[in-house]
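S.K.: First the structure, which I've put down as C-alpha coordinates, then a few questions once you've had a look.
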Amino acid sequence: MSSGRLSRRATLGALVTLPFLASKARAAACPADPLGTARTLPVGTKGGLFVGLKSYPAALPITEGEFVLTFDDGPMPGVTERVLDALAFENARATFFMIGRNVKANPALARRVKAAGHTVACHSWSHPWTMRQRSFAANKDEVERGMRSIADALGEPGAPFFRYPGFADTAELNAWLAEQDIGVFGCDFWASDWVVMTPGQELTLVTGRMEKARRGIVLFHDTHAQTAAMIPDFLRTLKRQRKTVAHIVPGPGGPVTLPAPAGWTKSVS
Ligand SMILES: [Zn+2]
(Lines give C-alpha, C1' and ligand atoms only; values in the text may rest on other atoms or scores of the structure.)
Protein backbone atom coordinates (compact mmCIF):
# COMPACT_ATOMS: atom_id res chain seq x y z
CA MET A 1 0.00 0.00 0.00
CA SER A 2 1.44 3.44 -0.94
CA SER A 3 1.95 6.20 1.59
CA GLY A 4 -0.54 8.28 -0.44
CA ARG A 5 -3.28 5.77 0.21
CA LEU A 6 -2.33 5.62 3.85
CA SER A 7 -2.55 9.37 4.27
CA ARG A 8 -5.88 9.48 2.43
CA ARG A 9 -7.19 6.87 4.83
CA ALA A 10 -5.91 8.91 7.76
CA THR A 11 -7.69 12.00 6.43
CA LEU A 12 -10.92 10.09 5.97
CA GLY A 13 -10.54 8.78 9.47
CA ALA A 14 -10.29 12.33 10.78
CA LEU A 15 -13.36 13.38 8.81
CA VAL A 16 -15.31 10.52 10.28
CA THR A 17 -14.06 11.15 13.80
CA LEU A 18 -14.58 14.91 14.06
CA PRO A 19 -18.38 15.05 13.61
CA PHE A 20 -18.68 12.18 16.07
CA LEU A 21 -16.72 14.13 18.67
CA ALA A 22 -18.79 17.24 17.97
CA SER A 23 -22.03 15.35 18.52
CA LYS A 24 -20.68 13.86 21.77
CA ALA A 25 -19.88 17.38 22.94
CA ARG A 26 -23.40 18.55 22.06
CA ALA A 27 -24.93 15.61 23.91
CA ALA A 28 -22.98 16.46 27.05
CA ALA A 29 -24.16 20.07 27.19
CA CYS A 30 -27.58 20.39 28.82
CA PRO A 31 -29.98 23.10 27.79
CA ALA A 32 -29.96 26.28 29.90
CA ASP A 33 -33.55 25.55 30.89
CA PRO A 34 -33.87 21.77 31.28
CA LEU A 35 -37.32 20.32 31.94
CA GLY A 36 -36.07 19.01 35.28
CA THR A 37 -37.89 16.90 37.86
CA ALA A 38 -40.35 19.23 39.56
CA ARG A 39 -40.85 17.00 42.57
CA THR A 40 -40.07 13.66 44.08
CA LEU A 41 -43.21 11.89 45.25
CA PRO A 42 -42.76 9.26 47.98
CA VAL A 43 -45.35 6.53 47.43
CA GLY A 44 -46.30 4.38 50.41
CA THR A 45 -47.24 0.78 49.66
CA LYS A 46 -47.88 -0.61 53.15
CA GLY A 47 -50.91 -2.90 53.02
CA GLY A 48 -51.06 -2.68 49.24
CA LEU A 49 -51.48 -0.03 46.58
CA PHE A 50 -53.36 -0.23 43.28
CA VAL A 51 -53.09 2.82 41.05
CA GLY A 52 -53.52 3.73 37.42
CA LEU A 53 -56.90 4.58 35.93
CA LYS A 54 -56.61 2.14 33.05
CA SER A 55 -57.06 -0.67 35.59
CA TYR A 56 -57.99 0.71 39.01
CA PRO A 57 -60.33 3.39 40.35
CA ALA A 58 -57.44 5.26 41.98
CA ALA A 59 -54.73 7.65 40.78
CA LEU A 60 -51.54 8.97 42.28
CA PRO A 61 -51.97 12.23 44.22
CA ILE A 62 -50.57 14.50 41.55
CA THR A 63 -51.88 17.80 40.29
CA GLU A 64 -53.06 18.84 36.86
CA GLY A 65 -50.13 19.16 34.48
CA GLU A 66 -47.97 16.68 36.43
CA PHE A 67 -46.80 13.47 34.79
CA VAL A 68 -45.01 10.34 36.00
CA LEU A 69 -42.80 8.79 33.32
CA THR A 70 -42.55 4.99 33.27
CA PHE A 71 -40.66 2.63 30.96
CA ASP A 72 -41.34 -1.10 30.77
CA ASP A 73 -39.63 -4.27 29.56
CA GLY A 74 -35.95 -3.24 29.70
CA PRO A 75 -33.15 -2.97 30.26
CA MET A 76 -32.45 -3.33 26.55
CA PRO A 77 -28.92 -2.60 25.30
CA GLY A 78 -28.94 -0.05 22.50
CA VAL A 79 -32.30 1.43 23.44
CA THR A 80 -32.34 1.97 27.21
CA GLU A 81 -29.12 4.01 26.96
CA ARG A 82 -30.73 6.39 24.47
CA VAL A 83 -33.71 6.88 26.79
CA LEU A 84 -31.32 7.50 29.69
CA ASP A 85 -29.37 10.06 27.65
CA ALA A 86 -32.57 11.90 26.72
CA LEU A 87 -33.73 11.96 30.34
CA ALA A 88 -30.30 13.12 31.55
CA PHE A 89 -30.24 15.88 28.94
CA GLU A 90 -33.44 17.32 30.43
CA ASN A 91 -32.60 16.32 34.01
CA ALA A 92 -35.84 14.34 34.24
CA ARG A 93 -36.27 11.21 36.33
CA ALA A 94 -38.44 8.22 35.56
CA THR A 95 -39.36 4.74 36.77
CA PHE A 96 -38.20 1.63 34.92
CA PHE A 97 -40.29 -1.52 35.37
CA MET A 98 -37.71 -4.11 34.41
CA ILE A 99 -38.06 -7.72 33.33
CA GLY A 100 -35.93 -9.84 35.65
CA ARG A 101 -34.26 -11.93 33.00
CA ASN A 102 -33.28 -8.75 31.10
CA VAL A 103 -31.72 -7.45 34.31
CA LYS A 104 -29.83 -10.69 34.76
CA ALA A 105 -28.52 -10.43 31.19
CA ASN A 106 -27.65 -6.72 31.51
CA PRO A 107 -26.84 -5.99 35.17
CA ALA A 108 -24.53 -3.06 34.39
CA LEU A 109 -27.28 -1.35 32.43
CA ALA A 110 -29.71 -1.84 35.33
CA ARG A 111 -27.10 -0.28 37.63
CA ARG A 112 -26.70 2.63 35.23
CA VAL A 113 -30.45 3.31 35.41
CA LYS A 114 -30.29 3.34 39.21
CA ALA A 115 -27.09 5.43 39.30
CA ALA A 116 -28.77 8.07 37.13
CA GLY A 117 -31.33 8.55 39.92
CA HIS A 118 -34.26 6.72 38.37
CA THR A 119 -36.49 4.28 40.22
CA VAL A 120 -35.97 0.60 39.40
CA ALA A 121 -39.09 -1.52 39.78
CA CYS A 122 -40.26 -5.02 38.85
CA HIS A 123 -42.22 -6.17 35.80
CA SER A 124 -41.97 -9.94 36.51
CA TRP A 125 -39.13 -12.37 35.79
CA SER A 126 -40.06 -13.51 32.28
CA HIS A 127 -43.06 -11.41 31.21
CA PRO A 128 -45.54 -14.31 31.02
CA TRP A 129 -48.53 -13.78 28.80
CA THR A 130 -50.67 -13.84 30.73
CA MET A 131 -50.34 -14.39 34.44
CA ARG A 132 -54.06 -15.15 34.49
CA GLN A 133 -53.35 -18.46 32.79
CA ARG A 134 -50.79 -19.57 35.34
CA SER A 135 -50.94 -20.84 38.88
CA PHE A 136 -50.64 -18.59 41.91
CA ALA A 137 -47.38 -20.33 42.84
CA ALA A 138 -45.91 -19.68 39.38
CA ASN A 139 -46.99 -16.02 39.51
CA LYS A 140 -45.57 -15.51 43.00
CA ASP A 141 -42.31 -16.99 41.72
CA GLU A 142 -42.35 -14.52 38.81
CA VAL A 143 -42.49 -11.58 41.23
CA GLU A 144 -39.93 -13.01 43.65
CA ARG A 145 -37.44 -13.98 40.94
CA GLY A 146 -37.89 -10.65 39.20
CA MET A 147 -37.23 -8.74 42.40
CA ARG A 148 -34.31 -10.96 43.32
CA SER A 149 -32.62 -10.37 39.97
CA ILE A 150 -32.93 -6.62 40.51
CA ALA A 151 -31.49 -6.87 44.03
CA ASP A 152 -28.62 -9.04 42.74
CA ALA A 153 -27.77 -6.53 40.01
CA LEU A 154 -28.10 -3.39 42.13
CA GLY A 155 -26.66 -4.79 45.35
CA GLU A 156 -29.83 -3.59 47.09
CA PRO A 157 -33.55 -4.17 46.58
CA GLY A 158 -35.40 -2.20 43.94
CA ALA A 159 -38.58 -0.30 44.76
CA PRO A 160 -41.49 -2.40 46.08
CA PHE A 161 -43.39 -1.47 42.93
CA PHE A 162 -44.79 -4.08 40.53
CA ARG A 163 -46.46 -3.82 37.15
CA TYR A 164 -48.23 -6.83 35.65
CA PRO A 165 -47.32 -7.77 32.09
CA GLY A 166 -50.21 -6.49 29.98
CA PHE A 167 -51.93 -5.29 33.20
CA ALA A 168 -53.31 -8.83 33.48
CA ASP A 169 -53.70 -8.96 37.25
CA THR A 170 -55.18 -11.76 39.35
CA ALA A 171 -57.15 -11.43 42.57
CA GLU A 172 -54.99 -14.02 44.33
CA LEU A 173 -51.68 -12.43 43.41
CA ASN A 174 -53.06 -8.94 44.18
CA ALA A 175 -53.91 -10.12 47.71
CA TRP A 176 -50.41 -11.56 48.17
CA LEU A 177 -48.74 -8.41 46.80
CA ALA A 178 -50.74 -6.31 49.28
CA GLU A 179 -49.62 -8.59 52.13
CA GLN A 180 -46.02 -8.09 50.99
CA ASP A 181 -46.48 -4.28 50.95
CA ILE A 182 -45.78 -4.25 47.21
CA GLY A 183 -47.60 -1.58 45.22
CA VAL A 184 -49.27 -2.45 41.92
CA PHE A 185 -48.94 0.14 39.17
CA GLY A 186 -51.16 0.31 36.16
CA CYS A 187 -51.02 3.54 34.19
CA ASP A 188 -53.30 6.42 33.23
CA PHE A 189 -52.43 6.50 29.52
CA TRP A 190 -49.90 5.02 27.14
CA ALA A 191 -48.05 5.66 23.93
CA SER A 192 -49.15 2.40 22.21
CA ASP A 193 -45.48 2.07 21.30
CA TRP A 194 -45.86 -1.67 20.75
CA VAL A 195 -47.46 -0.64 17.47
CA VAL A 196 -44.88 0.13 14.77
CA MET A 197 -45.05 3.82 13.86
CA THR A 198 -42.67 6.70 13.25
CA PRO A 199 -41.36 8.68 16.22
CA GLY A 200 -43.40 11.64 14.91
CA GLN A 201 -46.61 9.62 14.86
CA GLU A 202 -45.91 8.32 18.35
CA LEU A 203 -45.29 11.85 19.61
CA THR A 204 -48.59 13.08 18.16
CA LEU A 205 -50.46 10.12 19.64
CA VAL A 206 -49.04 10.36 23.16
CA THR A 207 -49.21 14.14 23.44
CA GLY A 208 -52.85 14.02 22.31
CA ARG A 209 -53.60 11.49 25.04
CA MET A 210 -51.64 13.59 27.53
CA GLU A 211 -53.95 16.53 26.77
CA LYS A 212 -57.00 14.38 27.51
CA ALA A 213 -55.57 12.79 30.66
CA ARG A 214 -54.33 16.19 31.97
CA ARG A 215 -52.12 14.41 34.54
CA GLY A 216 -50.95 10.94 35.37
CA ILE A 217 -48.73 7.96 34.83
CA VAL A 218 -47.66 7.48 31.22
CA LEU A 219 -46.36 4.14 29.96
CA PHE A 220 -43.57 3.77 27.40
CA HIS A 221 -41.27 0.85 26.56
CA ASP A 222 -37.50 1.30 26.61
CA THR A 223 -37.26 -1.62 24.21
CA HIS A 224 -38.47 0.21 21.10
CA ALA A 225 -36.15 2.39 19.02
CA GLN A 226 -39.08 4.54 17.90
CA THR A 227 -39.71 5.49 21.54
CA ALA A 228 -36.04 6.25 22.20
CA ALA A 229 -36.07 8.50 19.12
CA MET A 230 -39.25 10.25 20.27
CA ILE A 231 -38.45 10.88 23.94
CA PRO A 232 -36.29 14.02 23.39
CA ASP A 233 -39.20 15.69 21.56
CA PHE A 234 -41.69 14.44 24.13
CA LEU A 235 -39.67 16.00 26.96
CA ARG A 236 -39.31 19.25 25.01
CA THR A 237 -43.10 19.25 24.50
CA LEU A 238 -43.68 18.88 28.25
CA LYS A 239 -41.35 21.81 28.85
CA ARG A 240 -42.90 24.01 26.16
CA GLN A 241 -46.38 23.33 27.53
CA ARG A 242 -45.20 24.03 31.09
CA LYS A 243 -46.07 20.53 32.23
CA THR A 244 -43.92 18.97 34.94
CA VAL A 245 -42.41 15.64 35.91
CA ALA A 246 -43.07 13.95 39.25
CA HIS A 247 -40.66 11.16 40.16
CA ILE A 248 -42.08 8.34 42.27
CA VAL A 249 -39.90 6.73 44.94
CA PRO A 250 -40.71 4.28 47.74
CA GLY A 251 -42.31 6.09 50.66
CA PRO A 252 -43.45 5.32 54.21
CA GLY A 253 -46.91 4.25 55.26
CA GLY A 254 -49.94 3.19 53.33
CA PRO A 255 -51.24 4.40 50.02
CA VAL A 256 -52.43 7.94 49.40
CA THR A 257 -54.48 8.10 46.21
CA LEU A 258 -57.02 10.22 44.39
CA PRO A 259 -60.36 8.59 43.56
CA ALA A 260 -61.27 8.00 39.94
CA PRO A 261 -63.55 10.59 38.33
CA ALA A 262 -67.30 9.92 38.46
CA GLY A 263 -68.37 7.43 35.83
CA TRP A 264 -64.97 5.72 35.76
CA THR A 265 -64.76 2.37 34.09
CA LYS A 266 -61.84 0.01 33.70
CA SER A 267 -60.35 0.27 30.22
CA VAL A 268 -58.17 -2.83 30.21
CA SER A 269 -59.69 -6.28 30.52
ZN1 LIG B 1 -44.35 -5.40 29.52
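The values are calculated or read from the model by the stated rules, or taken from the named source; none is laboratory data. Treat the numbers as computed from the prediction; the structure is a model and nothing was measured. Reconstructed Cβ throughout: ideal geometry from the backbone, glycine too, with neighbour counts over all protein chains shown.
S.K.: What number of residues within region 156-213 are more than 19 Å from Asn139 (Cβ to Cβ) and basic (Lys, Arg)?
M.R.: Residues flagged as more than 19 Å from Asn139 (Cβ to Cβ) and basic (Lys, Arg) within region 156-213 amount to 2.
S.K.: A follow-up question, please. I'm trying to understand the selection: among the residues of region 148-172, which are over 20 Å from Pro252 (Cα atoms), away from the ligand (no atom under 16 Å from the Cβ) and crowded, with 23+ Cβ neighbours inside 10 Å?
M.R.: Scanning region 148-172 gives a single hit, Ala153.
S.K.: Any idea how many residues of region 190-206 are of a type in the set (S, T, N, Q) and either at pLDDT below 95 or in a loop (DSSP other than H, G, I, E, B) (or both)?
M.R.: 2
S.K.: Separate question: Within region 98-116, can you find the residues that are under 15 Å from the mean Cα position of the chain (by Cα) and either closer than 16 Å to Ala228 by Cα or buried (at least 16 other Cβ atoms within 10 Å of the Cβ) (or both)?
M.R.: Selection gives Met98, Ile99, Gly100, Asn102, Val103, Leu109, Ala110, Arg111, Val113, Lys114.
S.K.: I'd like to verify a number: residues in region 207-225 that are part of a loop (DSSP other than H, G, I, E, B) and buried (at least 18 other Cβ atoms within 10 Å of the Cβ), how many?
M.R.: Total satisfying the criteria: 4.
S.K.: Within region 205-219, is there a residue that is closer than 22 Å to Asn102 by Cβ and in contact with an Asp or Glu (Cβ under 6 Å, 6 or more places away or on another chain)?
M.R.: Checked against the condition, which is being closer than 22 Å to Asn102 by Cβ and in contact with an Asp or Glu (Cβ under 6 Å, 6 or more places away or on another chain), region 205-219 yields at least one hit.
S.K.: Name the residues in region 61-97 that are away from the ligand (no atom under 16 Å from the Cβ), of a type outside the set (Val, Ile, Thr), over 12 Å from Leu35 (Cβ atoms) and crowded, with 21+ Cβ neighbours inside 10 Å, would you?
M.R.: The answer is Leu84, and nothing else.
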